[in-house]
1. Leaving out same-chain residues fewer than 8 places away, which aspartates and glutamates sit with a Cα under 13 Å from that of LYS68?
2. If amide hydrogens are placed 1.01 Å from N in the peptide plane, which non-local residues have theirs closer than 5 Å to the one on TYR106?
3. Once phi is turned into ³J(HN,Hα) by the Karplus curve 6.51 cos²θ - 1.76 cosθ + 1.60 with θ = phi - 60°, what whole-Hz value does each residue of the stretch 443-451 show in order, with x for glycine and proline?
4. For the stretch 382-458, what number of Lys pairs, 8 or more residues apart or on separate chains, have alpha-carbon atoms under 30 Å from each other?
5. Give the Cα extents of the stretch 40-176 along the principal axes, in whole Å, largest first.
6. Give me the mean projected area, in nm² to one decimal, of the convex hull enclosing the Cα positions of the stretch 441-594.
7. How long is the gain from LYS593 to ALA419 if the chain were fully straight, where each residue apart is worth 0.36 nm and the alpha carbon distance is subtracted?
8. Compute, for TYR313, the solvent-accessible surface of its heavy atoms (probe 1.4 Å) with the complete set of protein chains present, and express it in square angstrom to the nearest 10.
Amino acid sequence: RIVAGATHLKVHEKFSEGSGPSALVDEVKGVLVRSGTSGYGKVEYSDLESCWKNTSGSACIPPLISAKYAYNDAYLGIQETNDGVPSAAVYKNRDLNAAVAMTQRYGLFDAVTGADVEKTKAFGFPVSYTDASGNKRFSYYGAWQGRHQLWGDDILDTTVVTRQDQPVATAETYTVSPAFKGTLTKRTLIAGVLDDVKDMPVETYINKHLDLTYDGANWKYCAGFLDFSASPPACKGQNGSVTPTEIFSDFDSLIVASTDRKSVNINNSSGGSYVYLKAAPVPAITGLNYTSAGFYSAAMTTTGMVPTAGSVYVPALNSQLFVNINGSIYIQYTGIFPIDSTTIGKTGWVQKKLTSFENWQPVFDDAGNTNFSPDMAREFYVNSRGANYVVKRIDKADLATSYKVELELQTAANPTNFASVLPVGTSFLRTPWRKEVTFKLNTNSSDANFLKVMYLSDDPNTSVNEVTTPTVLSEGQWGLQAFNSSGLPLDASGNAVGVDGFGIPTGTTRPVEFNWEYSADGGWGTQRYLIKTDGTYKLLDDPIRLASLTVSNKEGVSKNLSLQFDGWMHGLPDMYYELSKNDYMMTTAIANKVINIAEGTQLTDASDSTKRYYIKPLEMSLFLAVVPGTTTGIPALTTADSADLTTVPNFTAHLMGAIPAGTVVKYSEGKLVE
């Protein structure tokens, strides 16, 4: 209705998500009063997020949330009410020049012809099928880093699916293949830089043992292993040569917070147990005489090792402590290195203080970050923003050049490419640390174990002969290498790599590595394919990997990006995740991290330098800047109180009926349909 020159809208909509008794009903109703320069309104909507978090297993009826708003030509005010409790009002500047633009989706176009690459590349597409109950259902055929998947657990083998992104009359049909419950993945590494992983929190698993010896002034440790056959025990490196012990200073790694998912066990040769305390525990422990940072007697409880009565441990000359650190921690490279002697120990890395998980994502307390010192030669895997990095410390100096960073490219074996995944001359697969057990990839397409990794030599630790069974390697295995008939590991091109007795390369070339991702229940590691009518597999194209690009974020800080495109641009900061952690409120800190690649930016294909592409933003969001509630000229939210949701008509289905038969859509919004 038009009332006094303003448009009055009343809206009521309902959408069902899912089916059966557990279906969710998303209901929205609202009263909106609009004009060119001012307006107000009130809306009510289902809090579906509360049901997504529901872990009880019972049906969830989403509660309703209401919100009111008012705006004028300069500002917008919003206030939400949840469970009868109003939140603080938020006000925003409507000046688009002050808004934060953020690209949601990019397109990639051939730089010569201007053609959309998605016209000639098949990165994935929707399909329809009929389920066991005769209902028409929809799914999506896609791939992630070459792993083909068909979304939907209820789709049976041999089900016929119809492609949904093609004209109905000529739409292709496919047959669903049986599931391949295991994927062999080749890992190829190319050079990267440390700044590629800056500010990326990553979970890493540690299994670390330290032998600490007190020399009268410092605790020292052996970076290799202690040979107790010598007297006194000698510290030796991986090659068996004697190596000097080093001063231990990373005491932060011994601290265990209540929310940590790691454990630290500290013992001496007499069986005594200890914990390291940097500060006095809160609340205080009866009988504990805390005086300074150090080791205190401890006992195991249901919550882990806790300090008991007593004072700080005073070691004697040559006293020994044995330390075992196990579990997972989150680490992050911050880029901050020491600038003077007062910042010794600042490696540029921190261990994040984990406080909780929200929507399966970790939440950190940055005030609780502690220094983290990556071990020499230890490889850390950083998986974020659509790219995988391998980071290894190669120098004890605290500099960015002290780390070797490589970008990992993964190639998943499939029914078509399996012959090219293994290097030429491959005789068997195994890990360097388990030489007695070897494996092979089953390349017989008529065998039920086609594309599975199987035992080639028997595992002496089991009572079953895996070779004669034959047995599939029924657990995940990282770090597999390909070996030739002479027992030498191979690089990706099939060249033999020289290694020492411990399997460590003696040159600069490293063996190519493989991961076996096994799944007995159809989970991670399982692949499913669509089979064309001629019996061949419909394989999707791998993402287009683009040459590195340096671009500045909104703060003006240059970032080096390694991008991949498969209909979505991977390798950019996940700013919507950052927003979700802040209830989708844009802040200066979040805005500063936003990267928008300008339309017309030209990039080269990283695999073929003759191919060039243009980038174009296809979908963008504008986030209005937040202003204080004391800002002059902000609208009064009480204006919206007059919006009465009880006057909104009841929901009525549109009842448009079936699509007319024998018709062809030729134009949409005045434009000829392709």
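The values are calculated or read from the model by the stated rules, or taken from the named source; none is laboratory data. In this text the structure is predicted, and so the values were computed from the model without any measurement. Cβ placement follows ideal geometry from the backbone for every residue including glycine, while neighbour counts extend to all protein chains displayed. Keep in mind that these areas ignore ligands, DNA and RNA; they rest on the heavy atoms of the full protein, side chains included. Shrake-Rupley method; radii C 1.70, N 1.55, O 1.52, S 1.80 Å.
1. Straight-distance partners of LYS68: GLU44, GLU80, ASP641, ASP644.
2. Distant-sequence amide H within range of TYR106: MET569, LEU618.
3. 10, 8, 5, 8, 8, 5, 9, 3, 6
4. On the way: LYS392/LYS404; LYS392/LYS435; LYS392/LYS440; LYS396/LYS404; LYS404/LYS435; LYS435/LYS452; LYS440/LYS452.
Lysine pairs meeting the criterion: 7.
5. The principal-axis extents, from largest down, are 54, 53, 31 Å.
6. Details: hull surface 64.8 nm².
Value for the stretch 441-594: 16.2 nm².
7. Details: separation 174, 0.36 × 174 = 62.64 nm, distance 4.29 nm.
Fully extending the segment from LYS593 to ALA419 adds 58.4 nm.
8. Estimated to the nearest 10 Å², TYR313 gives 60 Å².
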